[in-house]
Amino acid sequence: MTPTPTSTKTLTLPRPDDWHLHLRDGDMLDVVTPETAAQFGRALIMPNLVPPVVSGAEAEAYRSRIMAAVPVGLDFTPMMTLYLTETTDADDLVAAAQSGLVTAVKLYPAGATTNSASGVRDIDKVMPVLEAMADAGVPLCVHGEVTDPQVDIFDREAVFIERVLDPVRRRIPRLRVVMEHVTTSDGIDYVRDGGPDIAATITTHHLFINRNHILAGGIRPHYYCLPVAKRETHRIALVEAATSGLPGFFLGTDSAPHLDSAKLAECGCAGIYTAPNTLACLAQMFEQHDALAKLEGFVSGHGAAFYGVPVNAGTVMLERVDTPQPVPAPRSTPEGMLTVFDPGVPIHWRVRT
Ligand code: NCD
Ligand code: ZN
């Protein structure tokens, strides 16, 4: 009997970019870098190592370690960020950006997320650096959550916009800003109404999960990330923005690998590893919303335009298959297992390699 053909449809896109990615260091870097490099042309690399990537020299050294982990023959360019601290040297930062070494600077409010202890406590202390960045055209990527213990964790993004982001943008209107991993309709509205110098990255997992996925019917640490997934109305707003075709919204997976032992702990780490199945999941979500034609802008076009780089020359091909694809198996690392994101719905797409 001849086997039934399983491939019904394909979609070829310019090689996409991931505008928010954690590659870590050491053994983990070696395991996860090839998974992104296999599918993406570029990624904006987050600097929250321990210790963080603060200076141009540190970014250069980190970039070399990443390049050493990219398999030969894959066309992948890591674009580097610096981690903003209250003692960041503005001259070093601007020189690193002007030489092309560094693409953007990341603001972590101190204590907001994984490895953010060296982040900013008092935004006034970094205003001179932000002024220098605005003058030099260096974008600021923000982790948009306040850390005030009085503020409920589900409200921290909306309060950040009001207390920090909007005041900073009023003081320095020329500053270009990316609201990273936006999770609320408040964030979506703020970005949509504020362009073109503000944009937002949207993760894959926030398009699929709401807070019930984390908490209903048992606690599921593999769905815990920061900013934490919000209620369903916010997820719907994110899907609408991602599939809207608006240039201010683009993919930043925030793929954030942590060993299972660190996730499944009494105090588990925040972060979801989505790099291996991100494109397949996105194709599924965009198809479901009759928006496959908008996927190219979201993954390959809008971010490149915001960052002023050409769309990648190569392509990636996605194919639709009748049989739902299994969730990729946990990855084995020298220090333990690494679980891949389970979108919780059947995925009929895969990347053809
Ligand atoms: C990220 C990490 O693990 O580095 N975690 C996460 O939940 N997203 C940090 C971050 O981007 O907040
Ligand atoms: Zn992140």
Sole residue being in contact with a Leu (Cβ under 8 Å, 6 or more places away or on another chain), away from ligand 2 (no atom under 16 Å from the Cβ) and open to solvent by less than 30 Å² (accessible area, probe 1.4 Å), chosen from Thr88, Thr81: Thr88
Odd one out for Leu11 among (1) open to solvent by 10 Å² or more (accessible area, probe 1.4 Å); (2) aliphatic (A, V, I, L, M); (3) in contact with a Ser or Thr (Cβ under 9 Å, 6 or more places away or on another chain): (3)
His234: assigned to a helix (DSSP H, G or I) and open to solvent by 40 Å² or more (accessible area, probe 1.4 Å), yes or no? no
Hey, could you check region 217-231 for residues that are more than 14 Å from ligand 2 (Cβ to nearest atom) and either at pLDDT below 95 or more than 16 Å from Leu207 (Cβ to Cβ) (or both) and say which is most open to solvent (accessible area, probe 1.4 Å)? Ile219
Options His205, His213; residue that is farther than 19 Å from Ala305 by Cβ and surrounded by 22 or more Cβ atoms within 10 Å (Cβ to Cβ): His205
In region 236-271, which residues are within 16 Å of ligand 1 (Cβ to nearest atom), over 16 Å from the mean Cα position of the chain (by Cα) and free of Cβ contacts under 8 Å to residues at least 60 places away in the same chain? Ala262, Leu264, Ala265, Cys267, Gly268
Which one of Gly248, Gly268 is over 29 Å from Thr353 (Cα atoms), of a type in the set (Gly, Ala, Ser) and crowded, with 18+ Cβ neighbours inside 10 Å? Gly248
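Do we find a residue being within 16 Å of ligand 2 (Cβ to nearest atom) and buried (at least 21 other Cβ atoms within 10 Å of the Cβ) anywhere in region 129-136?
At the first step, the residues of region 129-136 found to be within 16 Å of ligand 2 (Cβ to nearest atom) are none.
No, every residue in region 129-136 fails to be within 16 Å of ligand 2 (Cβ to nearest atom) and buried (at least 21 other Cβ atoms within 10 Å of the Cβ).
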Any chance Ala112 is among the aliphatic types (A, V, I, L, M), farther than 27 Å from Phe154 by Cβ and either out of contact with any strand residue (DSSP E or B) (no Cβ under 8 Å at 6 or more places or on another chain) or part of a helix (DSSP H, G or I) (or both): no
Taking region 215-230 and the residues there that are in contact (Cβ under 8 Å) with a residue 24 or more places away in the chain and out of contact with any His (no Cβ under 7 Å at 6 or more places or on another chain), the one that is nearest to ligand 1 (Cβ to nearest atom) would be Leu226
Flag for Leu23 being open to solvent by less than 30 Å² (accessible area, probe 1.4 Å) and in a loop (DSSP other than H, G, I, E, B): yes
Residue by residue through region 251-265, note down the ones that are hydrophobic (A, V, I, L, M, F, W, C) and either more than 16 Å from ligand 2 (Cβ to nearest atom) or surrounded by fewer than 22 Cβ atoms within 10 Å (Cβ to Cβ) (or both). Leu259, Ala262, Leu264, Ala265
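Kindly indicate which of Ala37, Ala68, Ala57, Ala90 is in contact with a Pro (Cβ under 7 Å, 6 or more places away or on another chain), over 20 Å from Val309 (Cα atoms) and away from ligand 1 (no atom under 16 Å from the Cβ). Before you say what the answer is, go through the steps one by one.
Working: Ala37 fails: over 20 Å from Val309 (Cα atoms); Ala68 fails: in contact with a Pro (Cβ under 7 Å, 6 or more places away or on another chain); Ala57 fails: in contact with a Pro (Cβ under 7 Å, 6 or more places away or on another chain).
Result: Ala90 is the single residue among Ala37, Ala68, Ala57, Ala90 that is in contact with a Pro (Cβ under 7 Å, 6 or more places away or on another chain), over 20 Å from Val309 (Cα atoms) and away from ligand 1 (no atom under 16 Å from the Cβ).
Could you grab me the full set of residues in region 66-78 that are in a strand (DSSP E or B) and open to solvent by less than 20 Å² (accessible area, probe 1.4 Å)?
Going residue by residue through region 66-78, those that are in a strand (DSSP E or B) are 77-78.
Selection gives Pro78 alone.
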Got a number for residues in region 15-36 being touching a strand residue (DSSP E or B) at 6+ places or on another chain (Cβ under 7 Å), within 15 Å of Val340 (Cα to Cα), among the hydrophobic types (A, V, I, L, M, F, W, C) and within 16 Å of ligand 2 (Cβ to nearest atom)? 3
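Quick one: which of Val105, Val159 is at pLDDT 95 or above and either open to solvent by 40 Å² or more (accessible area, probe 1.4 Å) or away from ligand 2 (no atom under 15 Å from the Cβ) (or both)?
Values: Val105 fails: either open to solvent by 40 Å² or more (accessible area, probe 1.4 Å) or away from ligand 2 (no atom under 15 Å from the Cβ) (or both).
That would be Val159, the only listed residue that is at pLDDT 95 or above and either open to solvent by 40 Å² or more (accessible area, probe 1.4 Å) or away from ligand 2 (no atom under 15 Å from the Cβ) (or both).
The values are calculated or read from the model by the stated rules, or taken from the named source; none is laboratory data. What you see is a predicted model, and the numbers here were worked out from it, not measured in a lab. Note that we place each Cβ from the backbone using ideal geometry, even for glycine, and neighbour counts take in every protein chain shown. What goes into the accessible areas is simple: the full protein's heavy atoms, side chains included, and nothing from ligands, DNA or RNA. Shrake-Rupley method; radii C 1.70, N 1.55, O 1.52, S 1.80 Å.
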